[in-house]
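Below is one structure, written out as structure tokens; the observations come after it.
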Amino acid sequence: MNILVTGGAGYIGSHTCVALLEAGHSVIVLDNLSNSNYEVINKIQHLSGKEITFYEMDVTDPLAVSRVFQRHELDGVIHFAGLKAVGESVENPLIYYKNNLVGTLVLAEACLKYHVGRFVFSSSATVYGDNQVPFVESMELLPTTNPYGETKAMSERMLLDISKANSDFAVTLLRYFNPVGAHESGIIGEAPDGMPNNLMPYITKVAKGKLKLLRIFGKDYPTVDGTGVRDYIHVLDLADGHVAAIEGLFKGVNIYNLGTGKGTSVLELLKAFEQANNHVIPYEIVERRPGDIALCYANASKAEQELGWKAKRDLISMCRDAWRFEKNLKD
Ligand code: NAD
Ligand code: UD1
């Protein structure tokens, strides 16, 4: 298939491009490089041994997007392009609503106009809010605590309505849990600009000596050891989930959790990292982070039953691969 991957130079997008190319698909990447760089495109080509077509453009620009749809006979779209920093979305909600909602609308409109019937959307477990774990796709969604989360919930609803009204526009909503790790080559991975927000990139920066110690946000949650529990999933498993989704049965709207189904606490992740990489990570316990929930993990059985996809990689590989990438990064 010819797949348009928006945000394909980013963290999850780049790993997915490699997986799509390895599965025999052709890839066209559209990215404005606002949170990535062109070097990643070369790396995707190097890792897969295949060429891709790249457009440096903004997904919110309808004329530019139209030109891409005119130029290529597309079979499907995987839409990663978007902004994802929760704190920044609270400070500047307008940019988040514009970028994430308009981008999704422009692409959906182009799909209808040019008869592209497969649309895979990057959603997030954040849409479940503080529901009872494990989160199941059929749950009623609860309010999220920030504009970023709202853009995901709103995009889901928009795509659902558009698909309902257009029977040949099928949508798959993928709700990711906590993507971590990197390609085992150590060549592509997650390289956040400035201070990392998420746990794994923070740990790797401490291991590298770039940050002094990890601050653990709260030890009084109702969890196994008082620290927050999440469902960490290797980015390569996530990438395989996208290949399964775009190749899967496309009719109406399908929603899948992409997680492992297993919860891990902050202290457990820290221990796994120390064990995998033989590195001691100093830490201190501080106040809870506003907006955090205690427990977040998936019921991942629907994706297994319907897509034949299941996460395969364990916590040790996630930690090892994340660290290998960080070590290779030039600062
Ligand atoms: P990322 O920032 O690494 O990748 C996003 C890519 O989109 C970047 O290359 C960026 O340059 C590009 N982009 C942003 N706005 C654009 C625009 N207007 N036009 C064109 N390109 C644009 O992020 P990621 O971690 O790879 O996340 C990909 C998607 O998955 C995002 O939609 C994100 O919200 C979602 N998601 C991520 C996580 C996570 O923890 N990483 C969790 C759940 C959902
Ligand atoms: C965060 C976002 C969420 C987003 C998800 C994936 C917030 C409030 N939530 O969630 O919307 O979907 O990332 O991108 O930002 N932790 C520490 N110290 C740190 C960093 C994290 O103790 O320096 C803890 C957190 O309290 C949490 C766990 O580690 O319990 C995981 O945190 P993180 O990686 O930020 O992911 P989420 O909290 O799931």
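General observations
- Which of GLU137, GLU51, GLU306 is most accessible, then next, and so on - probe 1.4 Å: GLU51, GLU306, GLU137
- Across all directions, the average flat footprint of the convex hull enclosing the Cα atoms of the chain is 15.3 nm².
- In a fully extended conformation the segment linking ILE95 and ALA165 would gain 22.4 nm over its present Cα-Cα distance, using 0.36 nm per residue.
- Accessible surface ranking that places the most exposed of PHE54, PHE217, PHE169 first, with a 1.4 angstrom probe: PHE217, PHE54, PHE169
- Amide H within-cut-off set for PHE135, under 5 Å, with H built and near neighbours excluded: TYR297, ALA298, ASN299
- For the stretch 113-260, lysine pairs with C-alpha atoms less than 23 angstrom apart, excluding pairs fewer than eight positions apart on the same chain, total 6.
- Considering only beta bridges that DSSP places wholly inside the chain, some 5 percent are antiparallel.
- Unit charges at the beta carbon, dipole of the stretch 122-221: most positive-side option, SER124, LEU213, LEU141: LEU213
- Interchain or long-range residues, amide H under 5 Å from LEU258's placed H: ARG175, TYR176, PHE177
- Amide H within-cut-off set for VAL253, under 5 Å, with H built and near neighbours excluded: VAL171
- Converting phi to 3J(HN,Hα) with the Karplus coefficients 6.51, -1.76 and 1.60 and the offset θ = phi - 60°, the stretch 105-120 yields 5, 4, 5, 4, 4, 5, 4, 5, 5, 9, 6, 9, x, 10, 10, 10 Hz in sequence order, with x at every glycine or proline.
- Aspartates and glutamates with Cα under 12 Å of LYS84, excluding same-chain neighbours fewer than 8 positions away: GLU150
- Separation of the HIS115 and ASP314 label points, Cα + 7 Å toward Cβ, nm: 5.0
- Backbone geometry of the stretch 7-22 corresponds, through the Karplus equation with coefficients 6.51, -1.76 and 1.60 at θ = phi - 60°, to 3J(HN,Hα) couplings of x, x, 8, x, 4, 6, x, 5, 5, 5, 4, 4, 5, 5, 5, 5 Hz, x marking Gly and Pro.
- Accessible surface, 1.4 Å probe, highest first, among residues LEU83, LEU21: LEU83, LEU21
- In nm, spacing of pseudo-spin labels at ASP130 and LYS212 (7 Å Cα→C-beta vector): 3.2
- The residues of the stretch 207-331 expose on average 49 square angstrom of accessible surface per residue, using a 1.4 Å probe on protein heavy atoms.
- Accessible area expressed per residue, the stretch 61-148, with surrounding protein chains retained (probe 1.4 Å, Å²): 49
- For the options ASN178, ASN146, ASN257, a Gaussian network treatment of the chain with springs between C-alpha atoms closer than 10 Å singles out ASN146 as fluctuating the most.
- Multiplying the residue separation of SER66 and GLU140 by 0.36 nm and subtracting their alpha-carbon distance yields 23.1 nm.
- Rg/Rh, computed from the Cα trace of the stretch 128-246 with Rh as the Kirkwood radius, has the value 1.01.
- Computed over protein heavy atoms with a 1.4 Å probe, the carbon and sulfur contribution to the accessible area of the stretch 39-187 reaches 52%.
- The stretch 178-331 - charge dipole about Cα centre, Lys and Arg +1 at Cβ, Asp and Glu -1, debye rounded to 20: 280
- Centre separation in Å (Cα based) which lies between the stretch 9-81 and the stretch 225-268: 22
- Calculated from backbone phi, Karplus (6.51, -1.76, 1.60) coupling profile of the stretch 208-217 in Hz, x at Gly/Pro: 7, x, 7, 10, 6, 8, 7, 9, 8, 7
- Diffusion of the stretch 165-211 by Stokes-Einstein, at 4 °C in a medium of 1.567 mPa s and with Rh set to the Kirkwood radius over alpha-carbon pairs, works out to 95 µm²/s.
The values are calculated or read from the model by the stated rules, or taken from the named source; none is laboratory data. A quick note: this is a predicted structure, and the numbers were derived from the prediction, not measured. Neighbour counts run over all protein chains shown; Cβ positions are idealised from the backbone, glycine included. Note: accessible area is taken over every heavy atom of the protein model, side chains too, but ligands, DNA and RNA are not part of it. Shrake-Rupley method; radii C 1.70, N 1.55, O 1.52, S 1.80 Å.
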